[in-house]
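This is the structure I have questions about; it appears just below.
Since every read-out is calculated from the coordinates, none of them should be taken as a lab result. Quick caveat: nothing in here was measured; it's all calculated off a predicted structure. Please note: Cβ atoms are built from the backbone with ideal geometry, for glycine as well, and neighbour counts cover all protein chains shown.
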Amino acid sequence: MNFKSNILGKGLAFVSVILAGGFIASCDDQPDEFKGEGGVPTIKYIRTSLPQQADSLITEAHLESIICIVGNNLKSVHEIWFNDQKASLNTSYMTDHTIIVAIPSGIPAEVSNKIYFKTFSGATVDYDFGVVVPGPVIYSMSNENASPGEEVTLVGNYFCDDPNVPLEVELPGNVKVTEFTDISLNRVSFILPDNATEEGQISVSSIYGKTKSPFHIHDSRGMLFDFDGQTGLVFTENCWHGHTAKTDEWSLSGNYVQMGDGSKSFTLDGGTWIDDSETGYFLEYWPGDWNGEFPASGQGMKLSDLVDFSKWEDMSLKFEMQIPAENPWYSGVPLQVIITSPKQITLSTAGWDFFNGDADKQAPRALYRPWRTATGGVYHTDGKWVTVTIPFNTFSYNYEETATANPITGPESFGGITLCLTGGTIDADQPAPIVRIDNIRAVKNL
């Protein structure tokens, strides 16, 4: 398709919102209220809706693109259909000679490559115009480190499963998915094949194109803490109260660490620091040894000596997480993920300032709050492991949840890490949350 058909510019964001909302001012505020006309329209041409590209005529455009239809007697139009999909008309953007309209997001079942203009008088006028359906788009995967035989879900858009050209999912090693459990426009669920053990990107193909995932399945890149000896870094040392990794029936693969044991409820506000090994909600790793030196490898090393953070703005922190339904995570308490430089805290200089001290001393953090979109503000993973992704460019807060005075500036900012469930309240009559974590890693965004 010619670039002229791509008309989703940043400058149209406000137009998109208005069109989507269908806002129309009241009659009292509209002395020139829209009034439909009789007769039939004449369509001269269609162009982009950007004023600076008014001479860019187009014959096709993507779903959800905003276009400008130019002609005569356009106030006679009552409905506009793109193929078999009805558009939402806003009369504030209709005149006798122009109509600005967004192409519907729905994928047509019957493709005629025409726009149909239905008038107030009941007549229909058609005009040749192609609607381009994008190829598949992949946003995320439910569990990037799932084992063969498990059900996983890809989240994205335009997963079109055409009867004549079925949707295909291919895993690294040329392994094709054969057992789908659900396919919709935005989600594809399937059973991971037995031979799907290689690391790499996932490919999805539809009748409209092919794409690759922006992540790796079985991801081992940028591993910081795997708790199985790959990096040698643990949370049992280089902290005030260590968390020992464990292996049991809940394991994703080998060892993991657990925050909380579910036996008590806590008030997690006011800077409360609950980090004992049994019930604690803090995972701490502060680099260095008791002599103030930094080992070149293994426990005590700086994270920046383990992973290349030179392009940290294009990287994300990832980990797998599991929360049982019996011990869910209630709203109000964020997971603070804090990145600390050696200037802020090391093993030999441990203190509270990086956590909630003076504003000019607090370390940058991200606030992960999945309960915001959970039903009733209660979040759990139903005992399944899921992948969490937090871009490093979102580590922009302090303890008070306002802008940090010490943002990440470069690789030197990545000395240690602290994860803590604090900053809100879990009532005494609520079960204490259990949060299990594995495979903490820093990876490049693909």
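DSSP loop (so not H, G, I, E, B), at most 15 other Cβ within 10 Å: list which chymotrypsin sites (Phe, Trp or Tyr not before Pro) in the range 284-336 pass both filters.
Loop-located and lightly packed - Trp290.
Given a Förster radius of 51 Å and the C-beta distance between Asp261 and Gln52 as r, what FRET efficiency does 1/(1 + (r/R0)^6) yield to the nearest 0.05? Walk me through the numbers on the way to the answer.
On the way: r = 61 Å, r/R0 = 1.20.
After rounding, the FRET efficiency stands at 0.25.
Take the chain, connect every pair of alpha-carbon atoms lying under 10 Å apart with a spring to form a Gaussian network, then pick out the residue of Ile183, Ile100, Ile434 with the largest mean-square fluctuation.
Of Ile183, Ile100, Ile434, the Gaussian network model singles out Ile100 as fluctuating most.
Place a +1 charge on the Cβ of each Lys and Arg in the range 137-212 and a -1 charge on the Cβ of each Asp and Glu, then give the dipole magnitude about the Cα centre in debye, rounded to the nearest 20.
Values: 4 positive and 12 negative charges, 60 e Å.
Dipole about the Cα centre, nearest 20: 280 debye.
Can I ask one more? Quote the convex hull volume per residue of the range 46-160, based on C-alpha atoms, as a whole number of Å³.
Details: hull volume 15.6 nm³, N = 115.
Here the figure is 136 Å³ per residue.
List the residues, sorted by chain then number, that are 5 or more residues from Ser396 or on another chain and whose placed amide H is less than 5 Å from its amide H.
Amide H neighbours of Ser396, under 5 Å, 5+ apart: Arg365.
Can you give me the relative contact order of the chain as a percent, contacts being Cα pairs under 8 Å and 6 or more apart?
Numbers: 1092 pairs, mean separation 59.9, N = 446.
Relative contact order for the chain comes out at 13 percent.
Asp360 to Thr236: FRET efficiency via 1/(1 + (r/R0)^6), r the Cβ-Cβ distance, R0 30 Å, to the nearest 0.05? Walk me through the numbers on the way to the answer.
Values: r = 32 Å, r/R0 = 1.05.
For Asp360 and Thr236, the calculated efficiency is 0.40.
Working out 0.36 nm times the residue gap between Asp194 and Asp84, then minus their Cα-Cα distance, what length gain in nm do you get to one decimal?
On the way: separation 110, 0.36 × 110 = 39.60 nm, distance 4.16 nm.
Once the chain is fully extended between Asp194 and Asp84, it gains 35.4 nm.
Restricting to lysines 8 or more places apart or on different chains, can you count the pairs in the range 223-444 with Cα atoms under 26 Å from each other?
Here the count comes out as 20.
Using only alpha carbon pairs under 8 Å that are at least six residues apart, calculate the relative contact order of the range 137-212 and give it in whole percent.
Working: 162 pairs, mean separation 26.3, N = 76.
Averaging sequence separation for qualifying contacts and normalising by length gives 35 percent for the range 137-212.
GNM, the chain, Cα, under 10 Å: largest mean-square fluctuation among Phe117, Phe235, Phe395?
Phe117
Let me ask something additional. Return P(r) of the range 137-212 (all Cα-Cα pairs; 5 Å bins starting at 0; whole %; ordered from short to long distances).
It works out to 3, 17, 30, 29, 15, 5, 0, in whole percents.
Same structure, new question: Once amide H atoms are placed 1.01 Å from N in the peptide plane, what residues at a sequence separation of 5 or more from Ile202, or on another chain, have their amide H within under 5 Å of its amide H?
Ser213, Phe215, Ile217
Then there is this: Taking the Cα-to-Cβ direction at Ala109 and at Asn72 and moving 7 Å from each Cα, how far apart do the two end points lie in nm?
That separation, rounded to one decimal, is 3.8 nm.
Quickly estimate the mean residue ellipticity at 222 nm for the chain, helices only: each DSSP H run with n ≥ 4 gives -39500 (n - 2.57), and the total goes over all residues, rounded to 500. Write out the running numbers ahead of the final one.
On the way: 2 runs with 13 residues, N = 446.
Calculated from helices alone, the mean residue ellipticity at 222 nm is -500 deg cm²/dmol.
Run the quick spin-label model on Glu293 and Asp248: label points 7 Å from Cα toward the beta carbon, then report their separation in nm to one decimal.
4.0
Net charge within 14 Å of Met321 by Cβ-Cβ distance, Lys/Arg positive one each and Asp/Glu negative one each, not counting Met321 itself? Don't skip to the answer; put the middle values down first.
On the way: positive: Lys318, Arg369, Lys384, Arg436, Arg441; negative: Glu144, Glu320, Asp382, Asp438.
Result for the neighbourhood of Met321: +1.
Rg and Dmax in Å for the chain, alpha carbons only: what are they?
27.3, 88
Continuing with the same structure: Hey, what do the phi angles of the range 110-119 turn into as Karplus ³J(HN,Hα) couplings, whole Hz, using 6.51/-1.76/1.60 and θ = phi - 60°, x for Gly and Pro?
With the stated coefficients, the range 110-119 comes to 10, 9, 10, 6, 9, 9, 10, 9, 9, 9 Hz.
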